[in-house]
Structures are given as structure tokens and as C-alpha cells.
């Protein structure tokens, strides 16, 4: 296969970027999308040019590091997979493929197709955990959890934190990401003690990071490689309003308290 | 130098509790005066960083990825073992200990392995308390599945994403401490050297992968939780970024590297499709329960298959060689990982491999589909079939899967004692990065167990003992060793950046991988290893002359990152070959063709080789010195495996 | 107070306001449509005029009406604030237009809302404002013989320009004098431009509610495997089809048939 690539090139966060056109030649349909980029990068390197920088690591769809907005869709045209799981046979010979980084104010470009997603980490740090220290926990089987709850919590917990939801959302909203963690811990008995403070903390941090707000378009759900559902957002909203309007708990502030 | 593993005396079951009592403690008020550096944020790193911060130490954690959650522990599929005996099927700490020692082909320490089995039960409790959504029964209690190498159901799992869920649990504990300010997290930071002052580890040198800055970090102790070195083979189930650099730099600063030749090769991976391939994807071992492994009987048939002149279905039954069933009538397709892998390789070496590249054998479900019906097969393996279809564009319901072994895990690593301390005081190694608990072969669902055991339940005790002994005096960053080490790092980067040859780093890596796979892979010989040693030396020399590295040092530079890692693999590769040459026996993942039973099984030589081979670095291009730590087996009886 | 402020200043709080005002407006349009069905009644505007008078003079309804006006303003204002904030969340646009599957209406609520707001301003200016605050609307006198139920209508010019409404019964004849909004409506609906404006506005309303109604439930967190399909059904068939169609039929019927 021979392809034309239009790729966003940007030297660093402070530079302005532009689209640059490359030829990708002799591409095997068996290649993954990232392997196709590897080939292009090898040829760029041999010419002494700087290779295209993109985030990637596990290349099996679980680490959440790869991104890429391909022809108008995060992780490319296929459902429920990440870019590293996308194969070139999903494209046709001679096609022009436009590759852009995730676009969001909260995800500034680091270089080329790589963006800084540390906002996601900070949201998790604000409350995406159960406050238990190592040791001194009860036996794992002491609290039975209905299978349906455990399974649903698992579904929410499969989020890989790739940011496709933000990239797909017309408002660059992070609601699907935040709600997946809020839901997971909110459903499990272990997460109950901090349920009402957690949701407030995480939403406050989400707002601080400058993500847009949700208008329930469902684009995030459609593009999520792990098929996290909008139900999570709904659960989070419910918990948030309940916490804000009817509960005693406030935004929890754990900072500095530890010994 | 003598290697003292510091295994406590006394009965097996009391070793760890007695040892914990004998370890010195750090006064709670003093803990905040200690800085601990944790490199890597996988299961071992994240759990260690969080647990130490909870105790009150100041932790600095580092990862090269953009977030600690990306570490490759996340990709582990199957599960995590724990001797909970929830199934009432006869499991116990002793049984898990015994299975692990035996599975490791008697090349691990009894004391370490017993402790691992002992704390395994705490891990599950800890993870559940963190909100890890393990699979459950309808009654609401935890579910277990059985896994290779044991006859009890002791594996806890979260669908096929156990590693992900456990890592996210540890990541959440880490996040809590970051929020509290007890852990300072450095992402996109790669450790490039360890600083030793008077023989003790006191800090590290890192490169900020965004700005290119070379930074110095001080700490009273340095914990390396940087995973395995499977990527020395270029193609493996590891992540692209997985590398040996941190461990290798530590090795060059004095830490011994133990058993580097022990590598685990997983039999059921999706085969390579061409030179462009960047990594291999694992398919669950459970497929061999219903799939039949075969290759064409003749090279001619294989040739036709490779050229796609005929399809697998057109190969008549009598032209097929179900080689595992033929050679191992009682175990058949269910022989252990290493045996299945080696036999597939033999087929390919014989010219009977299939698929476009010829590096594959068939895993055929036609019989199972005929017997059970497509629906039943789909219910069992549907998600795996879909994954295979996605990657290969071949429908495994209609034509046999193509599989081939791939490098999966490395049992070797930095030598550590019972306290997880390397021979360099203050320098610790946890998880896959160390060598300690799996012997020559790791059992399924044990990697997650070991990483978390080290991080949650071992290091918080053992590290305190060392810290108490050195006292809380701040580390003096103005010591010349810091400037000197930093300069070494800068010089090396400049040397790499000056390489403007004609061959890309990736090509060197691929070449190295070919050599390692060919001569130091599933089956090794004296002759092949000797040849490999020469080839690696030549390749390494060529690398430092003819490699092409673009870009500058003070910016994002993937080419430079890669070059540093591959340069280290080029050195490690030779040590692996040396270790494999030295170990003139077969055991677990190390198979020497010269040492096999009549049935073609790994033949150990316990009289000569029941030791840990720990290598000491002696300078560039100098032969390394071997130190032996004898393995004493007080409690288990050594036997030879057989699958007749 | 600050906690409440915090709540409503958060992104979710703003959305809560959007959802609550939106749902309130949804309940209003049910009532509005119900009342306007008098337009279809062939009674020379009697029912409609009396209804209009009732709406503007029954105190509890007047209170609700002001709540309603406030809701419209708040809904529009918060919609604007959220839209601007959402724009800011993606300062650099994609070169390729998104192909992520999402319904057209969900992606264009701001535009739809802006059209509706324009319509509401025109609509209220023409009817509500003229009716309540000017004397440009005429009067009608309905004389109904209670025994025969025969009604006769005549124009009526009150002596006092602030006259609103009277209802008396003299000799079995009920005399109702009331402002004649019906004629105003009828005249307007015979204007082709009005017809077009109304039909477009109701189309807009349809799309706005197609997403808006069920979206409000999602925002409030009122979703459930069992009830969400019901909400979606009502949102689609009742709010996005029956109601806008009902409203749109009024100018159409008047323009073509009356």
C-alpha cells in the first residue's frame, strides 16, 4: 500500500505547529498503524530528519499511552480499539490519512502528536482512591459484593486513561474519564466511606484543569476503546448533586495530613 | 566478594516473622528525615512508593512514561496467585511455596519463595480494600481459576485484565500519597545512572525526556523497580519502552546481575508478520486446552502453505504432524510452556513452519468446533478469537490459528539478598528487576504476586533496617561523586549524539534480537552461544561507529532515548550469552541441547549447578566475574520433571 | 452560602441549572400547547380569549409565569456561558471535522437554543407584550344566551383604555367582554413570513427537545436500565414530535384553512 500522510508537526509546546505531508510507501496491510509510522520514521531518520514523535508503549491496547486523532476520529475508524490495535488493512491503497494530536486546552502539545495528559493524573490524585494504608485491612472475603455490582465496577475500572473521550468530545470534556473512577469506587462497598467527598474533590479538580462540560452528546462513549458507558456520567452527576445538596461531607483535603 | 543472601536461620515457616522482629526500626519522628528514590511505577514500584510514603518517608518516584499508570504491569492478563484456600481444595502456603520452587526447576531460594507464598494472602486483602474489582461468584465472594503448574485453584483474576486492575490499585495508593505531598512524582524521566558515595547508593541521575535536562536526585536509598529485560530480543510481549537501562547502569556501578540467561518464552503468541513487526501479542495459554497444535509433515506442503497455494484445510489428515501429541502422548498439547515452545521452534527450523514468514505452527480448533459446536467454543474463547481476528484478519473459526513462541518474562535480574538489597548497600531491586523468587522458570500468575509482595510487604520492613543503620543525616549533594556521575551521563549522551552513521538504532536492535533469538532463545548450544558472543561484540563495535542518531540533547528526542537503551541491551546480550555458556545444564527457561533427558526434557545437573550465578562488572569490554551463591535445599527434595 | 455558590459555579452545577430550567420549560410547553388548542375551536376566539385572560389575571399563574420568564433567561444565559467555556476548552480546532458518532441535535444545542431564543423574543413581543403592556389589542364582546347556548360576537370599545375584562349575566344572557388576542393571532398567522418563522422555530424546538429532554435526565443522574428507555420514548415521541407538530399546525391551519 502507498499512502499520503498529513501529520501535525510541532517542535515543542511553545512553537506553533503545522500540517506536513509525507508519503508512506510499501506499507503492508498487516502492519499496525504505529508500525506504519515506525516505517515512516525510519525513513525520516535515514534522511537525517527528525522522526515524528508520538506516544506509545504496550502496543496491545491496555497501557493507554497511544493516542492520535486519525481522519477525524480518536484511535481511528474502528470501534473499541486503540490506535496501536488498528491495522493498515482498515485503510485503502492511495488513501490520505490526516493525523492530529488530541486537541484540548487541558492537553497541551509536548511535541508533534504527543500531548501532556497529566491533568488526568491530577484528577486521580484529588480523590481517585480508597484511603487505606498497606496492611491492617480485613480479609478479602469479609464483605460479599453482588456479582452484578462487582462486574459493573469492573466495567468502569477498565478505563485506560488514554483521553480519547476528551479528544472526541466537542467540548473537550473529561466527564467520562472522571466518572469511570467515581462510579467504580462509588459502587463498591470499599469506596463508600469517601463516596461523597471523592466525587466533589475529583469534579473540583476536573473543573480546575479547564476541561469543558458535558452536553451528553455520547461521542465519548462511542470512541472509548474500552466502551465505558455514559451511565457512569449519570451516576457521577447523581452522586455529585447528592453530595453537594444533601450530605455532610466536603471536598476532602488530604494534603499534608500524612505522617 | 562473598555473596551472603542473609536468609534467616530456623524453620521455614518462622523465617520471615523472626526476621521482621530482628530488623531495626526507624523512629516515626525520624522517618520524614529520609528520602527514598523509587525508579519505576509498575506493581513493585507503585506499591513500594505508596507503602513507604504511608510510613512517613519522603519518596521520589520516577517513570519514563507520561503517567505512573502506564507501566507494563498493566498488560498482565491471567491473574495473581494467593494461598487463600478459599476453594477448600487443599491449598496452603506450603503448597504454593512448593509449586513455585518446583516450577522454577529448583533454582530459587527456599526462604524467599516461602515468604512470597506467605504474604500472598495479604496482597489479595490489600487489593480488595483498595477497590480492585476481582471476579466474584454469585454469592458475592471471590472467584478463583486454576493455572498452569498447580493442581489447586488459587488464581484471583479480573477478567483478562488482572494486571491492569492491580496496577490501578497501586496507582491509586500512590496518587493518594502524591496528593498528600509524601511522594514527589517525576514522569517522563528516565534514570540514566546511579550515584554511589563510598560504595553506598545515594542518588540517581535522570534525563527529563521533555526538556532533555540532566538532573541529580539524592536519596538515602534507591529502589529499582524497573522490570525485566525481555526486549533484548527486540520482539517480545514487553512494551516498546521496557528496557534494562536502570538495572544495567546499576550493574556497571557494582551491583551483581544474577542468572541473566533465564528467560521465559511463551508458546502461544501471534506470530511475526514481517520485519516491520514491533512487538508480539500474547494469546492466553488456555487455548491449548481445546486447540490441537500441528505442522505439515513435509517441507513441500509447508512451502505450498507459505506461498498460499493451498489452505490449511486442504492439507489431508495424513499430511499433518500433530507433533506434541505424537511426542508426548500423555500430556499432548498441554505440555509446559518451555516444551511446547521448543517443539514449535524445531518444526520451523525443520522448514515446516507455516504462515507468510514460515515462523508459525497451527493451533487448530476444527476438532473442538466439530465436537462442541461453534457456540461452545465461542463462549470459552470468544474474546481471544476476536483479538486474533483483529490482528491477523484471519477467522479462527474457519481456519487454524497461527501461533509462535515469544519472549515473555525474564527470571534473571539484579542479585538481591533476602532484604531485596543488591550487593551495593542502599541499592534495592524489586519485582521483575530482581532475580530472586522464580528460579529458572516462572509459574503463571506469579509475576503479579511477586511484584506486589516486594512492594507492599517486604521492602517496608527491610528498608527500615538499612535506613536505621545509616542514620537520617541528609545526603550531601555536593559530594564530587554526584558531579562526576552526572558528567559521565552527559558524556555518554554526547557520544551517542555524535554518532552520524548510516544505520538506525532500530536496525541494530533488530539485529541484536535476531542473534539473541537464534542462539540464546529456546534452545542453546555451546557452539551457537560462542558464535553469538562474537556476533554481539561485532555488532556493538559497529554500533558505536556507524549508528545514526538524529536530533539534539536538549529536547524531546526519541532517537536518543532509544539509542541509550539499545546500547545497554548490546552489553547485556553478551552477558546473557556468557551466563548461558557457563550454565552447562538445562533448567526451566534455559535449555542446553547438550543437556537433555532421553525424552528431550531439560536435564539439570544439581551437583554442579545448584547455585545462583551472579556476575560482577569489571570494566568496558572486560570479561565479567562470576560469583556463586549456593542454593541449599533443606525442605524440598529435588526431582526431575517428566511429561511422559 | 459559599458552598451553595461553589455548587452552582461548578461545571456540574451549571448543568444542573440547565437541566432543571429545561425540564421546567418542558412542563410549560405542555400547558401552553394544551391552552392553545382553543385556537382550533370554532368559537370565534371565545375560548382562546378567555383562556388568555385567565392566564394573565390569575395570581398563582402570574407568579409561575414570572418564574417561567426567569427560567428562559437563566437557561439561555447559562447555555451561553457553558458554550463559551466549552469553546475555550478546545482552543485549537481539529483540521479534519469530527466523524465521531453523535446525534446532530446533541452537537448543536447552542445553535438550536439561540434560534429558539430569537423566536421567543419575537413571539413574546408580538403577543405577550402587546397584550399586557399596550392598548393596541382590540376587544370582543361575547353574548351567550344561557338557555339556547347561542353566542353572538361584536367588537367592543371600552370607555377606559385600561379595561381588561368583564363578565356579567343579564336576563339569561352572559356577556363576556375581553381583550381580543385571537384576532391578533389570526392576523399574524395569515402572514406567510410568520408562518415560515413559526414552522422553522417548531422544527428547531423538535431537535432541541429530541436531545434536551432525555439529556436533562442524564444530567440529573436519573438514569436506569428500566426507566431510561421510557424517558427516551417520551422525549422523542411526545416532546420532539407531538408537541412541536401541534404548535406548528396552528399557523398552518390558520394560513390555509381559516
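The values are calculated or read from the model by the stated rules, or taken from the named source; none is laboratory data. Values in this document were obtained by computation on a predicted structure and should not be read as measured data. Cβ atoms come from the backbone with ideal geometry, glycine included; neighbour counts cover every protein chain shown.
Determine whether residue B:105 is under 20 Å from the mean Cα position of the chain (by Cα) and not in a helix (DSSP H, G or I).
When the stated conditions are applied, residue B:105 passes them.
Checking residue A:205 against (1) under 29 Å from residue C:108 (Cβ atoms); (2) surrounded by fewer than 24 Cβ atoms within 10 Å (Cβ to Cβ), which test does it fail?
(1)
How many residues does the range B:28-51 hold that are in contact (Cβ under 8 Å) with a residue 12 or more places away in the chain and farther than 30 Å from residue A:63 by Cβ?
First, pick out the residues of the range B:28-51 that are in contact (Cβ under 8 Å) with a residue 12 or more places away in the chain: B:28, B:30-51.
With farther than 30 Å from residue A:63 by Cβ added as a condition, the list becomes B:28, B:30-34.
Selection size over the range B:28-51: 6.
Restricting to the range B:1-33, count the residues that are touching a strand residue (DSSP E or B) at 6+ places or on another chain (Cβ under 7 Å) and either at pLDDT 95 or above or within 21 Å of residue A:134 (Cβ to Cβ) (or both).
So the count comes out to 2.
Which ones in the range A:161-186 are touching a residue at least 40 places away in the same chain (Cβ under 8 Å) and more than 15 Å from residue A:221 (Cβ to Cβ)?
Of everything in the range A:161-186, those that are touching a residue at least 40 places away in the same chain (Cβ under 8 Å) and more than 15 Å from residue A:221 (Cβ to Cβ) turn out to be A:161, A:172, A:181, A:182, A:185, A:186.
Looking at the structure I just gave you, is residue B:84 touching a residue at least 12 places away in the same chain (Cβ under 8 Å), outside any helix (DSSP H, G or I) and touching a helix residue (DSSP H, G or I) at 6+ places or on another chain (Cβ under 7 Å)?
yes
Can you find a residue that is more than 24 Å from residue B:505 (Cα to Cα), in a strand (DSSP E or B) and at the interface with another protein chain (Cβ under 7 Å from one of its Cβ atoms) anywhere in the range A:66-73?
Yes; the residues of the range A:66-73 include at least one that is more than 24 Å from residue B:505 (Cα to Cα), in a strand (DSSP E or B) and at the interface with another protein chain (Cβ under 7 Å from one of its Cβ atoms).
Could you pull out the residue among A:126, A:80, A:172, A:140 that is at positive phi and crowded, with 22+ Cβ neighbours inside 10 Å?
Details: A:126 fails: at positive phi; A:80 fails: crowded, with 22+ Cβ neighbours inside 10 Å; A:140 fails: at positive phi.
None of the others qualify; the one that does is A:172.
Going through the range B:205-230 one residue at a time, which ones are under 19 Å from residue B:73 (Cβ atoms), touching a strand residue (DSSP E or B) at 6+ places or on another chain (Cβ under 8 Å) and not in a strand (DSSP E or B)?
Within the range B:205-230, the first condition is being under 19 Å from residue B:73 (Cβ atoms), and the residues that meet it are B:223-230.
Of the ones still in play, those that are also touching a strand residue (DSSP E or B) at 6+ places or on another chain (Cβ under 8 Å) are B:223-226, B:228-230.
Correct list: B:225, B:226, B:228, B:229, B:230.
For the range A:46-86, what are the residues that are over 19 Å from residue B:72 (Cβ atoms) and without any contact (Cβ under 8 Å) to a residue 12 or more places away in the chain?
A:46, A:47, A:48, A:49, A:50, A:51
Among the residues of the range B:85-105, write down those that are surrounded by 22 or more Cβ atoms within 10 Å (Cβ to Cβ) and closer than 23 Å to residue B:44 by Cα.
Of the residues in the range B:85-105, the ones surrounded by 22 or more Cβ atoms within 10 Å (Cβ to Cβ) are B:91, B:96-97, B:99-101, B:103-105.
B:96, B:97, B:99, B:100, B:101, B:103, B:104 - these are the residues of the range B:85-105 that are surrounded by 22 or more Cβ atoms within 10 Å (Cβ to Cβ) and closer than 23 Å to residue B:44 by Cα.
Out of the range B:273-321, which residues are under 30 Å from residue A:62 (Cβ atoms) and within 14 Å of chain A (Cβ to nearest Cβ)?
B:273, B:274, B:275, B:276, B:277, B:278, B:279, B:280, B:281, B:282, B:283, B:284, listed by residue number.
Which of the numbered conditions does residue B:212 fail, given that it passes all the others? Conditions: (1) more than 14 Å from chain A (Cβ to nearest Cβ); (2) touching a residue at least 40 places away in the same chain (Cβ under 8 Å); (3) farther than 28 Å from residue B:445 by Cβ.
With (1) more than 14 Å from chain A (Cβ to nearest Cβ); (2) touching a residue at least 40 places away in the same chain (Cβ under 8 Å); (3) farther than 28 Å from residue B:445 by Cβ applied to residue B:212, the lone miss is (1).
Does the range B:410-420 include one or more residues that are surrounded by 18 or more Cβ atoms within 10 Å (Cβ to Cβ), in a helix (DSSP H, G or I) and within 16 Å of the chain's Cα centre (by Cα)?
No: zero hits.
If you take the residues of the range C:110-129 that are out of contact with any helix residue (DSSP H, G or I) (no Cβ under 6 Å at 6 or more places or on another chain) and within 23 Å of residue C:87 (Cβ to Cβ), which of them is farthest from the other protein chains (Cβ to nearest Cβ)?
The residue in question is C:118.
What's the total number of residues in the range B:411-435 that are within 19 Å of residue B:101 (Cβ to Cβ) and touching a strand residue (DSSP E or B) at 6+ places or on another chain (Cβ under 8 Å)?
Count: 9.
Looking at (1) in contact (Cβ under 8 Å) with a residue 24 or more places away in the chain; (2) within 7 Å of chain B (Cβ to nearest Cβ), can you tell me which one residue A:113 breaks?
(2)
Condition (residue is within 14 Å of chain A (Cβ to nearest Cβ) and under 20 Å from residue A:63 (Cβ atoms)) applied to the range B:9-24: is it met by at least one residue?
no
Could you please find all residues in the range B:356-393 being surrounded by 15 or more Cβ atoms within 10 Å (Cβ to Cβ) and assigned to a loop (DSSP other than H, G, I, E, B)?
If the condition is that a residue be surrounded by 15 or more Cβ atoms within 10 Å (Cβ to Cβ) and assigned to a loop (DSSP other than H, G, I, E, B), then B:356, B:357, B:358, B:359, B:360, B:365 are the ones that fit.
Which of the numbered conditions does residue C:43 fail, given that it passes all the others? Conditions: (1) part of a helix (DSSP H, G or I); (2) away from chain A (no Cβ under 14 Å).
(1)
Run residue B:158 past the list (1) in contact with a helix residue (DSSP H, G or I) (Cβ under 8 Å, 6 or more places away or on another chain); (2) at the interface with chain A (Cβ under 9 Å from one of its Cβ atoms); (3) at pLDDT 95 or above and report the number of the one that doesn't hold.
(3)
Quick check, is residue A:149 over 20 Å from the mean Cα position of the chain (by Cα), within 9 Å of chain B (Cβ to nearest Cβ) and in a loop (DSSP other than H, G, I, E, B)?
When the stated conditions are applied, residue A:149 does not pass them.
Which numbered condition in (1) more than 10 Å from every other protein chain (Cβ to nearest Cβ); (2) in a helix (DSSP H, G or I); (3) closer than 18 Å to residue A:161 by Cα is the only one that residue A:193 fails?
Just one mismatch for residue A:193, condition (3).
Is at least one residue of the range A:36-49 surrounded by fewer than 23 Cβ atoms within 10 Å (Cβ to Cβ), assigned to a loop (DSSP other than H, G, I, E, B) and on the phi < 0 side of the Ramachandran plot?
yes
Quick one: would you say residue B:237 is within 14 Å of another protein chain (Cβ to nearest Cβ), under 30 Å from residue B:506 (Cβ atoms) and either free of Cβ contacts under 8 Å to residues at least 40 places away in the same chain or in contact with a strand residue (DSSP E or B) (Cβ under 6 Å, 6 or more places away or on another chain) (or both)?
yes
Determine whether the range B:516-531 contains at least one residue that is farther than 29 Å from residue B:591 by Cβ and either in contact (Cβ under 8 Å) with a residue 24 or more places away in the chain or part of a loop (DSSP other than H, G, I, E, B) (or both). Talk me through it step by step, then tell me what you get.
At the first step, the residues of the range B:516-531 found to be farther than 29 Å from residue B:591 by Cβ are none.
The answer is no, given that none of the residues of the range B:516-531 is farther than 29 Å from residue B:591 by Cβ and either in contact (Cβ under 8 Å) with a residue 24 or more places away in the chain or part of a loop (DSSP other than H, G, I, E, B) (or both).
Taking residue B:176 and the conditions (1) at the interface with chain A (Cβ under 8 Å from one of its Cβ atoms); (2) farther than 24 Å from residue A:190 by Cα, which numbered condition does it fall short on, given that it satisfies the others?
Unmet condition: (2).
Assess whether residue B:19 counts as being in contact (Cβ under 8 Å) with a residue 60 or more places away in the chain and surrounded by fewer than 24 Cβ atoms within 10 Å (Cβ to Cβ).
It is true that residue B:19 is in contact (Cβ under 8 Å) with a residue 60 or more places away in the chain and surrounded by fewer than 24 Cβ atoms within 10 Å (Cβ to Cβ).
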